[in-house]
Amino acid sequence: MRQITKLTRRLFLQGGLWAIALLGWNGLRPSATAWAADSFIGTDFVGKTRKGKHRSFYINFWKPMRRINPQSWRLKISGLCDEPRSFTLTELLKLPTRSQSSRLKCVECWSARAQWSGFSFKDLQRIVPPQASAQGVLFHCGDEYKEYLPLKALHQDRVLLVHSMNGEPLSDAHGFPLRLIAPSKYGYKNPKAILEMEYVSEQQAGTWSKIGPYSSDGTILPGTDHPLEYGKEPRRISGGEITDY
Ligand SMILES: Nc1nc2c(c(=O)[nH]1)N[C@H]1C(S)=C(S)[C@@H](COP(=O)(O)O)O[C@H]1N2
Ligand SMILES: [Mo]
């Protein structure tokens, strides 16, 4: 009972923060009709940095990217489906929300843990079902990053399409307004700032596995981790999601 109250309060708080974020954007909206029809706004860029707001995280971007405009942004679902569709942020925030603490592990050593909230891919797939020939989803991101995950991987229990981090809307740096969290896979299989999810029939190489010696499957391998919130002190990991710390 207590748990439920806590959860309700947290969701309410989160809803409140979201309302403030969206209102804020409305207030800033210029009255001119020159309102850009693209997904971006302003002249600020977000990019790779080690100085994010959540200090235990490094921030990775393939290319510097203009900030995403929540008013004009749409999540496009395209490719091998009978009825491609776009969703507004407000629509997506109404999907049943799940919350989990999980560790994001970059293949280049570091890792960090956060509380993530979002919805399951299954719920989205129910609204826009893929055709039988679809094997996976190619994610297209705001910084032109691309990543592929098989449907089977997207159906795993702890895989979430995330819109909130540590109880607040995702920051631009961490992939506002929507990113994937797949805790058993390296960070590069967790695309940020998603613009489009394309149902495809064949596995595709993502941006990172094209430039580095990294598998396209991306499952975390046994080895050594250097968690940022523990001062990068090395820890042995046994592969898959890191649950020990
Ligand atoms: N759009 C986009 N998503 C991305 C990346 C990127 O370059 N662009 N880098 C990935 C990699 S390599 C890592 S380790 C994580 C890092 O997540 P963070 O920047 O939120 O810490 O984002 C992943 N998602
Ligand atoms: Mo990474």
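Every number in this text was worked out from the coordinates using simple rules, so none of it is lab data. Since we're looking at a predicted model, the values are computed, not measured. FYI the Cβ positions are ideal-geometry reconstructions off the backbone, even for glycines, and counts take in every protein chain you see.
A few remarks follow.
- For the stretch 42-97 and the stretch 117-153, distance of Cα centres in Å: 14 Å
- Residues with amide H under 5 Å from that of LEU95, placed H, sequence gap 5 or more: none
- Placing a label point 7 Å from the Cα of GLN203 along the Cα-to-Cβ direction, the residues of the stretch 121-141 whose backbone N falls under 14 Å from that point are 135-137.
- Each principal axis of the Cα atoms in the stretch 39-92 has its own extent, and those three values, largest first, are 43, 24, 21 angstrom.
- Diffusion coefficient, µm² s⁻¹, Stokes-Einstein with Kirkwood Rh over alpha-carbon pairs of the stretch 115-212 at 25 °C and 0.890 mPa s: 181 µm²/s
- In this structure, SER56 and SER238 have a Cβ-Cβ separation that, at R0 = 30 Å, corresponds to a calculated FRET efficiency of about 0.85.
- Entries of LYS105/LYS210; LYS76/LYS146; LYS51/LYS94; LYS48/LYS105 with Cα pairs more than 25 Å apart: LYS51/LYS94
- Local electrostatic count at ILE77 - Lys and Arg +1, Asp and Glu -1, tallied over other residues with Cβ under 14 Å: -1
- Charge tally in the Cβ shell below 12 Å around ASP44, where Lys, Arg are +1 and Asp, Glu are -1, ASP44 excluded: +1
- Sequence-distant contacts, meaning Cα pairs under 8 Å at least 6 residues apart, place the relative contact order of the stretch 180-231 at 38 percent.
- Inter-site label distance for SER72 and ASP123 at 7 Å from Cα along Cβ, in nm: 2.9 nm
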